[in-house]
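> Please see the structure below; I have some questions.
The values are calculated or read from the model by the stated rules, or taken from the named source; none is laboratory data. What you see is a predicted model, and the numbers here were worked out from it, not measured in a lab. No Cβ is skipped: glycine too gets one built from the backbone with ideal geometry, and neighbour counts run over all protein chains shown.
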Amino acid sequence: MEILRIEKLNAGVGDNIIIRDINLKLFTRESILLLGPNASGKSTLLNSIAGNPRIKIFNGSIFYNNEDITSLDPVKRNEKGISIMIQNPPRLRGVKTRKLFDKICSRHIKSIVEREKEINEISKALQIQHLLDRDYGHGFSGGELKRAELATLIFSRPRLALIDEPDSGVDIDSIIIMATVIKDHLMNNIDGMILVTHTGGIVKYIETSRSYVIYNGRIIYEGETSYVLSKIFSEGFRSLLESR
């Protein structure tokens, strides 16, 4: 059964179309990769699914559990279980990390004790306990900020998880920590996941069934992850464009 279906989607920012004629399917309990070089449209596609108001849909459709959500606002999409880990999280002056985590957890967990237990468990797994009483993002390293953003995704208890370049600009230790937490605390509790990467760093640690490759705003290839990765790592993204 399909959890997500995208048909002939054209989207961008302002009057600039960034992604064109996008067709994509995600099946229930499936995790897929979205790969492509920098500025190829990966984040635009992910934010289109999440309903980011900065993204303009020119035409095409997005269906979630067979419901057309193309015009649905991001809050309602989130209520339906669509959550995104964005590539460049904001740094929030005056907002304590623990308070932010608690606010997100409170949507699903009413007990203060249980919320604190959840926050401590995930924070420990992500090795960010020492950041809980700091303003969110302030004084965080790049890897710590990515791990904190992953925590917010997990606390939102998504049904469809959209993860945008968790391995961009972080060290190998952070990548391994995030991959482990995604496998142990996220993948078993969701209906589907789209994982975006251009470096490929995290794919060594997370198994996915299929991969889509986006190049210059268009999907140029869809296939088994192992084959796609072998082509990209040995010959680059253009090799898949030339093999169409």
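> Test each condition in (1) hydrophobic (A, V, I, L, M, F, W, C); (2) closer than 14 Å to Tyr212 by Cβ; (3) touching a residue at least 60 places away in the same chain (Cβ under 8 Å) for Ala50 and report the one that comes out false.
Unmet condition: (2).
> Which of the residues that make up the stretch 67-118 are under 24 Å from Asn23 (Cβ atoms), of a type in the set (S, T, N, Q) and loosely packed, with under 13 Cβ neighbours inside 10 Å?
Passing the criteria: only Ser71.
> Out of the stretch 186-223, which residues are more than 18 Å from Gly143 (Cβ to Cβ), hydroxyl-bearing (Ser, Thr, Tyr) and buried (at least 17 other Cβ atoms within 10 Å of the Cβ)?
Within the stretch 186-223, Thr208, Ser211, Tyr212, Tyr215, Tyr221 meet the criteria.
> Also, quick follow-up: Give, as residue ranges, the strands (runs of 3 or more DSSP E) completely inside the stretch 1-41 that count at least 3 residues that are within 18 Å of Ile182 (Cβ to Cβ).
Output list reads 30-35.
> Go through the stretch 166-204 and report how many residues are over 21 Å from Ser40 (Cβ atoms), within 13 Å of the chain's Cα centre (by Cα) and assigned to a helix (DSSP H, G or I).
Residues flagged as over 21 Å from Ser40 (Cβ atoms), within 13 Å of the chain's Cα centre (by Cα) and assigned to a helix (DSSP H, G or I) within the stretch 166-204 amount to 5.
> Can you confirm whether Tyr212 is part of a strand (DSSP E or B) and either under 19 Å from the mean Cα position of the chain (by Cα) or modelled with pLDDT of 90 or more (or both)?
When the stated conditions are applied, Tyr212 passes them.
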